[in-house]
Structure formats: C-alpha cells, structure tokens
1. Would you please give the FRET efficiency between residue B:270 and residue A:248, computed as 1/(1 + (r/R0)^6) with r the Cβ-Cβ distance and R0 = 56 Å, to the nearest 0.05?
2. Copy-to-copy spacing for residue B:6, label 7 Å out on the Cα-to-C-beta vector, in nm, shortest first?
3. Arrange A:213, A:98, A:269, A:315 by Cβ neighbour counts within 10 Å, fewest through most, would you?
4. With a 10 Å cut-off between alpha carbons and a GNM built on chain B, which of B:231, B:44, B:123 moves the most?
5. Using a Förster distance of 25 angstrom, determine the FRET efficiency expected from the C-beta separation of residue B:207 and residue B:121, and round it to 0.05.
6. Can you tell me the order of B:204-210, B:8-14 when each peptide is scored by its average per-residue count of other Cβ atoms within 10 angstrom, highest first?
7. What Rg and what Dmax come out for segment B:195-249 when only alpha-carbon atoms are used, in angstroms?
8. Averaged across the residues of B:298-309, what count of C-beta atoms belonging to other chains lies within 10 Å of each residue's C-beta?
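Derivation of every value follows stated rules applied to the coordinates shown; laboratory data play no part. Keep in mind that what you see is a predicted model, and the values were worked out from it rather than measured. Reconstructed Cβ throughout: ideal geometry from the backbone, glycine too, with neighbour counts over all protein chains shown.
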C-alpha cells in the first residue's frame, strides 16, 4: 500500500515554502522545566506569519499546483485560520481564492480573509451547507479545493515545523503537537519517524473534543458531533488520510481538561511572556500525564498559534 | 571632572554578570516597520529573568561588593521590580537582603520579594517614610544600600542590555529606551556613545510623568510630585547622577500620551505575540514623534519588561 505521506514530501515542502514562511524560534519553557524535571523545547509557531502554522500547509498547496491548475485559483471552507492562510498564499502567487464561511463567522475572521483579497462565499453554518457551497464554487470556477488538513500536500507543509525543530534540537526523546483535524500531527509524526526513529510521538487533545483518542482506540473514525472545548482550533474531527497516518506513526493521544489548558496558557503568558492560544497550550498541559513520564527527557512541543481575542480572555 | 559612568564600567559589568542574566533575543517589530518605513530592532528584556532588565543592575551591584562589605548584606527601598531583583541577586551570592516597602504595596509584589528570601520592612507610603526606614535598616544591619537607579554600579549593569544590542545589530541610527529614574537610559547612552558615536539617543516618557523632559529643558531636576500614567515603572523622578549622564549624552526625550502607549502595547500583543508592559511600550509609541524622523533608519529599542497583571489589562 502506498503511504499517504512520505518524508520526501516534507523535505520537498520545506524547499518549496522557504522564504515564504518564518523559521520560528525554539524557546525553552523554563517555568515548566523545574516542575517536570525535564527539558522542554517549544517551537514557536505563534510567531509564524498570521500567528499560526497554517500558512505552511496552505503555501505548500498553492505552490504545488501546476501553472494551468493554479490559473483557476483555489477554494476551501474554513471558519478559522486556514481560510486566511490560503487567501494569503494565493495572493502571493497571484491567483484567486474563494473561501466558504458560515454566515455566523466572527467579524474578526471575515475581515482577515477579506483583507488578503479572497472572495468570501457565505453559507449556512452546517457541515453540509459548507460542503455544498464549496462544491458549487469549485464547479463554477474550476478552482482547486484545498482541504484544511485531509490533504497530503497540506500535511507535508505542516510537517516542516517539526523538520525545523529536529534540525535545531537533534536529540529529542518525545514530541507532542495538538491534534484537531490531524494535519500538524501527521506531518510531525512522519518527519519525526524519519529523523529520529526512537523519539516518542504524542498528540494532545481537549477532553471535550477527543475524537482522535476515541478513533485510535476504536480503529475507525469516531466523529465528534458536538465538540465542547475552549480550544477553537481543535474542534474538527480527524479525516481519513490524517487518521491513516496517525494510526501508523503516533504512539498515543493525551487528553487534557480545559481548566488545565487555561491554567498553563496563563502561566506561559506570565512567565515566558509570549502569547499562545488555548489550542497551543494543550501540549504543555499534557506533559503531566503523558503515557511515558517526561522526567529527565528532552521534550519538543509545537506551540501551534497565538491568535487570541484580547477582549475575551479565558480566565 | 570625573565622569559618573564610563564605558569601561559597562564592559566590566557585562563580564561580571555573564551567566547570571539572560542574553535576551532581538526581535523585529514588523507590524510597525511597514507603517514607519523603518527597521525596528527590539531588545526583549521582557524575556529577561524576572521579566525585566532590573536584574542586570542589581546583580552588578551585588557582585561588585568586596567580601567584607557583602557580608553585611544589601538593602533598598522599592515598590517594584528592583526590590525583587536585589533579593534574587543577594540570594545567589548567599548574603542577606532587606527591602523597605510601603505598607500598601500589592500582595503580588510583596510575595515576589518574600519568595526570593529578602527581609521585608514595611513603611509609610511616602518618600520620607521609605528613606527613614531604609536609613534605619542600614544603620542597624550595616547593609550596603543599593539605589534602584541613582548609583553608577546599577547604571552600568543596566547598560549591558544596550551593549548586547549593539553587538548584535552594529549599525543602528537611533536608540530609544524608556526613562523613569534614568538608570536604563544612562547606561544605554554611555554604551551607545562609545560603540556607535553617530547613533542618536532618545528617552521615551509618558506625558503624565515627564520629569526627564522638563528637567533637561530647565537645566535642573524638576521633580514630579504626582505622576499620572499607566506606566507604573516610569513614575520615579530622575536622580542627580542619572541627570548628569542624560544631560551629557542624550539627544532628547520624547513624550507620549498614555492612550498611544496602550494602543501600541495591544498591537504588539496581537501581532508580535509577545507580552510587554506599558512602561516598555512607551518606546514604540514614541517612534511616531521622534525629533529625527525614523523613516529609512535602523532603530533599536529596549523593551524593558513584561510584568503585567493579567486580571487588570489597560484596555
């Protein structure tokens, strides 16, 4: 069986998107290190262009298109960062982008997508409404649909963050990323298995959106109809392609309560002086309860983003 | 006349405190760079130990003492970061520290000082009350008094931040720091004049605490009896020694309204994803109105700290 995602895809993505994304710094999480008696290396994708890793996958997808395919533009449905990231990647290549958004998306998110020059198509706020609108848009325009995570090209782009992390810190014992749809975790897992085979790989997930944890145990995707978590970036259910990669390469998923996520997010703001969103804090909150105790280990985590509404903080 | 502070003092301080303070990173302020058409290099002392540059001067003061002098300990009065910094520096050398604090200091600040093992002496919340209590403490214990800013050893320590900045970015056209008591600005000015003589040097100050601006114009210190600003680190009046250095080396002071300080602080949180306090944001808010327009220039600023009460944000 052909693999969904190979390390060569991630290497190629890294070469393709170089210069279009920020090589983000790796910071030590000293306030947690003392408590855990471990070294904790944070790949700071909160400092990435647009405040999240999403631009990696979107840029790789847009730059992978042939000139003929690209001419018709790209399209996606998104209520989050992927829509804005795809819009920016498309604008940089000089091609049109269509983003299907639920009518009830926040004004903040609509503005971000519009500012990058994408055409916004409003739809009913249901998954069927989104997918129908996207299919119609693609049929009418010929645009290539770029899924937020269930696409090997997107997964390969997201994997470049872990590639950079291993290049900078070559002897990690354990790697954690958040898992929402599974794009970041898939890319991270494939990069890690190739570069550091002995390194453990865990996903971290809110208890109220634990579809990845359930699905790995069930052996099939268990969709989460009503996710309930403060982590707005982790409410999606994993897709068939990301699930296939997770089953093959990921050691396990760690589930964390929202209260613990918010507490560690606040600790990072207060002590590290960097802004991370709840969906990023989940990996640090998970360090207390990983199946392999982290004591004495060198741990790498991907702080996936820092997009927070400062008028509505979760504490 | 002998100079208050020489560059050799700053070089010596850097050697003395190496390993006890963090060599903080320099980040670009890209959201402001586009607007100003300038390059803006931020020396991130918000990432410094204890979240502010103060540990530099306190450590230099403690390590400069002879063994005989150090044996009696150190003392200061402080309602802010200097007291905690001196406490930590003293604990690291294994000597006692006394910190005189107004009775009405916040529980947060009392706890920080106590956690580093200092003896807290409460006093009436007036400058006379503080100074009387400190004099009594020094007389009884023999402790060496370490002033928060009006002391060449402290000023030399604070100057090491600018030394590192110039080492990393050797061709700055203009440097700005906040000015409260003037310790950071004094050290920065002497380091900058030595390393990059053509570089302009400005202080940035809230309009509601513009004693440095007034004093430079008057030719003598004009104390600020009732400072009124959101910048809690910039309410002190400059001292005789810092004033002497400022008159000699600083080009001018830029005054900024609190509303502009809070606005740029929020922009930095939202776009740079780093936490800075109002007393640090003042330098970025000042870039719009520097006497020398910054357009086309390479500008260095010292982001002095990131200690913010997350339950009481200024917006």
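1. 0.90
2. Taking the point 7 Å beyond Cα along Cα→Cβ, the inter-copy spacings are 6.7 nm.
3. A:315, A:213, A:269, A:98
4. B:123
5. Between residue B:207 and residue B:121 the formula returns 0.15.
6. B:204-210, B:8-14
7. 12.0, 37
8. 1
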